[in-house]
Amino acid sequence: MTALTDVRAHRLQGHVVLVTGGARGQGASHAQRLAHEGATVWACDVLDADGAALAARFEGEDLDVRYRHLDVTSPDAWAAVVAEIEAAHGRLDGLVNNAGIIHVNPLEEETLEAWNSLLAVNVTGALLGLQACLPLLRRSGGAAVVNVASIFGAVGAPGYIAYCASKGALASLTKVAALELAGDGIRVNTLVPGGVSTPMNEHEKEGGVVPDTPLRRRAHVSELSAAVAFLLSSDASFVTGTELVVDGGFLAR
């Protein structure tokens, strides 16, 4: 192990981090990376079977990842998880608002029910998370928040009107939170992924945004997790209110 790798492996030592949408995909990868860097990770989701299996697997790898059920659209659910973290640790050093859903509907066919459901998870969930976690984040004396958006918050995609609107709103929410919380020493940033391979699609033929991505591939999910770990660490101590784009050059076109 090189000196750099050794330092990186411990830069989140002793940190307590909550990751939403943590049962699989990007969230599970983020939880794994943060735990490898020394953090105690509370991976939260509504996919309880996947979450329990994840926690069991990580326990076998000697990683401190704890799964809890959390519906991010419920203030009461947020309060319950935060109360448990407070009882266990008395503080929270990082929050990763990763939970998100997606559906495809043309503009004229989008229903109010589908629109409200998506925005409730993708945007309101992040707002509720910030509000619920703020007292514990303040106690850490230098906490960080990462809101996971998308390149489709910056550009449009036909059929994805609700998703694009939600990710654009999340980026704006991040900027306001960063301004309001800077006085508390809390940094708030947006991760902007491009196409990404998760266990569900990594063996599929490259498609989607890949033809328009200069690097001609999707990101591996671990590449996004590396960016999350950076934003939560002291290596990003002067980074707040910004968007870290990890998209293989998609938005540079």
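The values are calculated or read from the model by the stated rules, or taken from the named source; none is laboratory data. Just so we're clear, the structure is a prediction, and the values are computed from it rather than from any experiment. Cβ coordinates were reconstructed from backbone atoms using ideal geometry, including for glycine residues, and neighbour counts include every protein chain displayed. Side chains included, ligands, DNA and RNA excluded: accessible areas come from the protein's heavy atoms. Shrake-Rupley method; radii C 1.70, N 1.55, O 1.52, S 1.80 Å.
General remarks:
- P(r) of region 1-142 over all Cα-Cα pairs, binned every 5 Å from zero, in whole percent: 2, 10, 18, 20, 19, 13, 8, 5, 3, 1, 0, 0
- The tail of the calculated P(r) for the chain beyond 24 Å holds 44 percent of all Cα-Cα pairs.
- Whole-Hz couplings from phi, Karplus 6.51/-1.76/1.60, listed for region 128-144; x for Gly and Pro: 4, x, 4, 5, 6, 8, 3, x, 6, 4, 4, 5, 6, x, x, 7, 9
- Cα-projected label distance for Leu127 with Arg216, points at 7 Å along beta-carbon direction, nm: 4.4 nm
- Sequence-distant residues sharing a close amide H with Val188 (under 5 Å, placed H): Val145, Gly241
- The packing ranking of peptides 126-136, 58-68, 223-233, highest mean first, is 223-233, 126-136, 58-68, where packing means the average number of other beta carbon atoms within 10 angstrom of each residue.
- For the chain: relative contact order, % (alpha-carbon pairs under 8 angstrom, 6 or more apart): 18 percent
- Apportionment of accessible area to carbon and sulfur, region 16-246, percent (1.4 Å): 55 percent
- Helix-only mean residue ellipticity at 222 nm for the chain, each DSSP H run of n ≥ 4 adding -39500 (n - 2.57), per residue, nearest 500: -13000 deg cm²/dmol
- Counted residue by residue at 0.36 nm each, then reduced by the alpha carbon distance between them, the extension gain from Ala182 to Asp64 reaches 39.6 nm.
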